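Below you'll find the structure, written out as structure tokens, and then a few comments.
The values are calculated or read from the model by the stated rules, or taken from the named source; none is laboratory data. Nothing here was measured: the structure is a model prediction, and the numbers come from that model. Methodologically, a virtual Cβ is constructed for each residue, glycine included, from the backbone with ideal geometry; neighbour enumeration extends over all protein chains shown.
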Amino acid sequence: MKRSLYWVIPILIIFLILIIPKFASTSLGKPLLIRGLEARLGAKVTIEKVALSWFGPQKFEKITFSNADVDGKIEALESDVPFWGLSDLGSSFHLQDGSFSFPTYGGGQIVQVNAKLEGSEVEATGATTQGGHLSLKGKIYAKDDFDLALDLKSVPTFALDQLLKAKGLLYQILGPTLDLTGTMVYNRGEGTLALDLSSTNAQTSLNAALTENSLTLKEPFLATFQLTSELGASLMSHVNPLFLTSVEGKNPIILRVSTKNFLFPLNPFDLAQLRIGSATLDMGQVRCESRPALQSLLKLLKSPRGGDSINMWFTPVTFQIKDGVVQTGRMDALLSDSIHICTWGDIDLIRDQLNMFLGLPADTLAQAFVLKNLPRHYVLKIPVRGTTQDPDIDTSAAASKIASMVAAQEIPKIGGTGGKVFGGLLNLITQPKEDEDVPPPNRPFPWEK
């Protein structure tokens, strides 16, 4: 009896080996396969027909999948990988007649998608419901060795947003659709990236060098984009030293980034490693909603145009980023069409801390409080501290200093020698002096031209 078991066990093992792929293709085994796919993709999956074998090919027909961001349908997917390589279907495959929709951000569909990877050759084509197309061609020799050419026309931005795991930020910057052409060449730690992008809200070109973990600029980077209310709200949730709740640009914003000391970390992105040696942001004229703290500043400066919605006109600002800290130069602004202010300082993006100053220049003080004989470049500094989410403008010290300057100016008007002498002494004590640490203005200001 025991000897007969020696024959049964190998036969049973051979039987199981032969039947496992067939079992996975049946109505009993298919749910187990689908459950594994759902766990890996984070999506609800259905497959109408499965045909598996030990050495390939593996065939799937009428596949659907859906999650919060994308709904997809694929008519047929075939791969030559062996059964034990099912987790690596992307190494060799044929995809026929796929369609993908992105309901979260403005809809949009990519349809008639056909793709294949055979050996080192890769090719993918498709169309969009906006009348555009997509094409990807090239060679993939290994994960770190490839040469690809890309041509996208009127493609839903969220498709790229999801691929890069940008969490909706690309959609906010670029708008609903984009056109993108370019090449990417990479060979074991070195490569190049050349892209031309035009979208609903932005235009830019990029000529960069790739390393294993970072991207550097071969040419200065120039981008123009429209500051929409959605993008403005997103930016204000991260960097908001002026207590604004919404910002919308009247004209395209211009961003210029120098090649000097630029490094963009990849795989993964790390804010602490991001370096921008020199960049300029020109926001121009914007319309924004202000919070109570900024309203109190307007009241302090006796603005006749307070309101919740105000105009702001900015000068270009230079900045650099190192170790997660944005170091900004002086940016002057015309607030509510009548009040000149300025800002400068540091924003620690990692620790979420502000170390900035809001400045009231001499012309603003003279206009609001009829102060005379102020040094031309004098700026009254107001500290801005706190977090990027909840900044704090300390106006109390500024109000006290302004009151003392007004008092010193008013006493001589009382008359008499005593008033004049006391007023002169008080002027000597309270006479404002230019601080050496206040950055100089970059004139002429755009509203002066």
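So is L150 within 24 Å of E212 (Cβ to Cβ) and within 25 Å of the chain's Cα centre (by Cα) or not? So L150 fits the description; yes. Among (1) within 28 Å of L148 (Cα to Cα); (2) part of a strand (DSSP E or B), where does D88 come up short? Only one criterion in (1) within 28 Å of L148 (Cα to Cα); (2) part of a strand (DSSP E or B) is unmet by D88, namely (2). Residue check: N187 meets all listed conditions (1) more than 18 Å from the chain's Cα centre (by Cα); (2) more than 27 Å from A127 (Cα to Cα); (3) modelled with pLDDT of 95 or more but one, namely (3). Pairs are defined by a Cβ separation below 6 Å, a sequence spacing of at least 6 or placement on different chains, a first member in the stretch 292-317 that is outside the structural domain of D394 (by TED's automatic domain parsing) and more than 17 Å from A403 (Cα to Cα), and a second member that is at pLDDT 75 or above and surrounded by fewer than 20 Cβ atoms within 10 Å (Cβ to Cβ); no pair meets this definition. Are any of the residues in the stretch 158-171 in a strand (DSSP E or B) and touching a Ser or Thr at 6+ places or on another chain (Cβ under 7 Å)? No, every residue in the stretch 158-171 fails to be in a strand (DSSP E or B) and touching a Ser or Thr at 6+ places or on another chain (Cβ under 7 Å).
Yes/no matrix, rows are residues, columns are (1) of a type in the set (A, V, I, L, M, F, W, C); (2) surrounded by 17 or more Cβ atoms within 10 Å (Cβ to Cβ); (3) at pLDDT below 75:
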residue: I254; (1), (2), (3): yes, no, no
residue: V257; (1), (2), (3): yes, yes, no
residue: K299; (1), (2), (3): no, no, no
residue: M312; (1), (2), (3): yes, yes, no
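Cβ separations smaller than 6 Å between residues 6+ apart or across chains give the following pairs from the stretch 262-280 residues that are over 23 Å from T315 (Cα atoms) to residues that are among the basic types (K, R) and modelled with pLDDT of 85 or more: L263/R275; R275/K322. In this structure, I429 does not qualify as over 24 Å from L294 (Cβ atoms), surrounded by fewer than 19 Cβ atoms within 10 Å (Cβ to Cβ) and either modelled with pLDDT of 85 or more or in contact with a strand residue (DSSP E or B) (Cβ under 9 Å, 6 or more places away or on another chain) (or both). Could we say that L334 is surrounded by 15 or more Cβ atoms within 10 Å (Cβ to Cβ), part of a strand (DSSP E or B) and in contact with a His (Cβ under 8 Å, 6 or more places away or on another chain) here? Judged against the criteria, L334 is a match. Filter the stretch 155-184 for residues that are charged (D, E, K, R) and crowded, with 18+ Cβ neighbours inside 10 Å and give the result. The one that is charged (D, E, K, R) and crowded, with 18+ Cβ neighbours inside 10 Å: D161. Taking S4 as the residue in question, decide whether it is in a helix (DSSP H, G or I) and modelled with pLDDT under 70. Against the criterion (in a helix (DSSP H, G or I) and modelled with pLDDT under 70), S4 qualifies. Scanning the stretch 137-149 for residues that are in contact with a Ser or Thr (Cβ under 8 Å, 6 or more places away or on another chain) and under 19 Å from F93 (Cβ atoms) yields K139, I140, Y141, L148.
Quick check, is L180 within 20 Å of V70 (Cβ to Cβ) and either in contact with a helix residue (DSSP H, G or I) (Cβ under 6 Å, 6 or more places away or on another chain) or not assigned by TED's automatic domain parsing to the domain that holds M283 (or both)? The answer is yes for L180.
Conditions (1) aliphatic (A, V, I, L, M); (2) outside any strand (DSSP E or B), marked per residue:
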position: E289; (1), (2): no, no
position: L297; (1), (2): yes, yes
position: K302; (1), (2): no, yes
position: I310; (1), (2): yes, no
position: V326; (1), (2): yes, no
position: R330; (1), (2): no, no
position: T343; (1), (2): no, no
position: I347; (1), (2): yes, no
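If you take the residues in the stretch 264-290 that are crowded, with 16+ Cβ neighbours inside 10 Å and charged (D, E, K, R), which one is farthest from F221 (Cα to Cα)? Looking at the filtered set, the residue picked out is E289.
Beta carbons closer than 6 Å, at least 6 apart along the sequence or on distinct chains, pair a first residue in the stretch 342-369 that is closer than 14 Å to D392 by Cα with a second that is exposed (fewer than 15 other Cβ atoms within 10 Å of the Cβ) and of a type in the set (V, I, T) for D352/T387. Is at least one residue of the stretch 162-171 touching a Phe, Trp or Tyr at 6+ places or on another chain (Cβ under 7 Å), touching a residue at least 24 places away in the same chain (Cβ under 8 Å), of a type in the set (S, T, Y) and closer than 28 Å to L206 by Cα? Scanning the stretch 162-171, I find at least one residue that is touching a Phe, Trp or Tyr at 6+ places or on another chain (Cβ under 7 Å), touching a residue at least 24 places away in the same chain (Cβ under 8 Å), of a type in the set (S, T, Y) and closer than 28 Å to L206 by Cα, so the answer is yes.
Please work out if A202 is more than 30 Å from E289 (Cα to Cα) and of a type in the set (A, V, I, L, M, F, W, C). So A202 fails the test.
Among the residues here, T245 does not qualify as touching a strand residue (DSSP E or B) at 6+ places or on another chain (Cβ under 6 Å) and at pLDDT 95 or above. Take the conditions among the acidic types (D, E), modelled with pLDDT of 75 or more and assigned to a helix (DSSP H, G or I) and apply them to E38. Does it pass? The answer is yes for E38.
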